[in-house]
Structure formats: C-alpha cells, structure tokens
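Data block below; observations after.
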Amino acid sequence: MSFLKRFKNHFGNKLLIIAGLLIFSSFLVTAQYVNASSQPKQVPIPEPSSEQEFPDADFSMQLKDMSGKQISLEDLKGKVIFMNLWASWCSPCIKEMPSIQALYDKTDRDKVAFVMLSLDENDEKAEKFIKKRGFTFPVYRLTKNELPGLYQTQAIPTTYVISPKGKLLVRHQGMADYSSQDMVDFINEAYQQ
C-alpha cells in the first residue's frame, strides 16, 4: 500500500473534519472583520478652542457641477466646506450618503458649501445614481483629473472639512455617520470662528 493511501486511510476523515473546521473558522473571522469595518464610525471632531495647528487648505481645485457649470474651490472660500470624495461603485460611500444628506438638510447653505466630489469615470453614471436615490446635495467632478496633493488619498470615501478662513479642520478616511448633532454643531461652530 502506498504512503498516500495509508495516510488517507489513517487520517482521511480526521483531515476532512479539520479542513472543514479551518474553513468554517476563517469564514467566521472574515465575517466579523467585514461587519466591524462596514459600520459607520464617529468622525473625530477637533475642539473649537483647540490649540491644534491646522494646515492651510488648497483652493486650486477646478470643479464642474452636474449641469456643466464650472467653479473653483476658491469661489467657496468664506464658507465651511464639507468635501466628500466618493464613487457610485463604492459600497461604503453609498452607505454613508444618507447621513451626509441629513447633515446637508440641517445646515445653512449661506454658511456651508457641500462638495460631493464624484470620482466616477462617467458623469452620467454619477448623475443617475444621485437622482435615483433622491439626494439633493450638489455633486461635482474635477475639470482636470487630478486632485491637489493635500487631497490625495488611497481610500474612498474620504471627507474634508475646511474652515471659512481656509484651514483644513478634518480629514477622515472611510465611512462615517455625519448626521449626529455633534457634527452639525461642529459645522456651525466652525463657521463662527
């Protein structure tokens, strides 16, 4: 009898059980990781009176809205800017959008500008996605396909909050819940500073 046959006869059923347990346990670990990472996080909000130094924002970005109207990020200076990098194929982006819509609905457009920056390659796809889901916040695309270095990221969604004085107050990578009263208060306080 060959070694492989003896091995199989002696360990076969035991190995099958062990392999099954290993596969099942790896499934459980993976499921726990996916569930943990797919839950929205609280955005770390800096204290308004913080002595923390914030970097200057880069306003060189040229944008166009869904109707084709072009603006510069510079045009929004003087308001709090809530900028979110997203794509219609990004599951965490999609999951956080209702909370961004809730924040948008709770803020004063005269004081806060929303820049929902689509990274979709196709403008029509992004527009259809937004209309289908009933979101009303403004959606933009880059007029040039390059983000300034300060906003380069390896992950989406990524969200930035820029003060009216041009300071980058928040940079958050990953999905988050933006609908909290703490976030609304933070946005309002950022405008007052």
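Inside the range 53-109, can you point out the residues that are among the aliphatic types (A, V, I, L, M) and touching a Cys at 6+ places or on another chain (Cβ under 9 Å)?
Residues satisfying the conditions are L85, A87.
Of I81, I100, I94, which residue is surrounded by 16 or more Cβ atoms within 10 Å (Cβ to Cβ) and more than 27 Å from K165 (Cβ to Cβ)? Steps first, please.
Details: I81 fails: more than 27 Å from K165 (Cβ to Cβ); I100 fails: more than 27 Å from K165 (Cβ to Cβ).
Going through I81, I100, I94 in turn, the sole match is I94.
So D75 passes all but one of these: (1) among the acidic types (D, E); (2) farther than 26 Å from D56 by Cα; (3) free of Cβ contacts under 8 Å to residues at least 60 places away in the same chain. Which condition number does it fail?
(2)
Pairs, please: C-beta under 8 Å, at least 6 apart or cross-chain, first residue surrounded by fewer than 16 Cβ atoms within 10 Å (Cβ to Cβ) and in the range 110-139, second of a type in the set (A, V, I, L, M, F, W, C)?
The qualifying pairs are K111/V80; D123/M66; R133/M97.
For the range 174-193, what are the residues that are part of a helix (DSSP H, G or I) and buried (at least 18 other Cβ atoms within 10 Å of the Cβ)?
Matches in the range 174-193: M183, F186, I187, A190.
Testing T107 on (1) crowded, with 16+ Cβ neighbours inside 10 Å; (2) under 16 Å from the mean Cα position of the chain (by Cα), one condition comes back false. Which one is that?
Just one mismatch for T107, condition (2).
Spot the failing condition for W86; the list is (1) buried (at least 17 other Cβ atoms within 10 Å of the Cβ); (2) farther than 20 Å from V161 by Cβ; (3) aromatic (F, W, Y), and only one is missed.
The failed condition is (2).
Taking the range 97-119 on its own, how many of its residues are in contact with a strand residue (DSSP E or B) (Cβ under 8 Å, 6 or more places away or on another chain) and either over 18 Å from E189 (Cβ atoms) or of a type in the set (G, A, S) (or both)?
Here the count works out to 9.
Would you point out the residue of the range 151-160, among those that are modelled with pLDDT under 95 and touching a strand residue (DSSP E or B) at 6+ places or on another chain (Cβ under 7 Å), that is nearest to K95 (Cα to Cα)?
A155
Just to be sure I understand, how many residues within the range 151-166 are over 15 Å from the mean Cα position of the chain (by Cα) and buried (at least 16 other Cβ atoms within 10 Å of the Cβ)?
4
The values are calculated or read from the model by the stated rules, or taken from the named source; none is laboratory data. These numbers come from a predicted model, not from an experiment. Quick reminder, even Gly has a Cβ in these numbers, built from the backbone with ideal geometry, and neighbours come from all protein chains shown.
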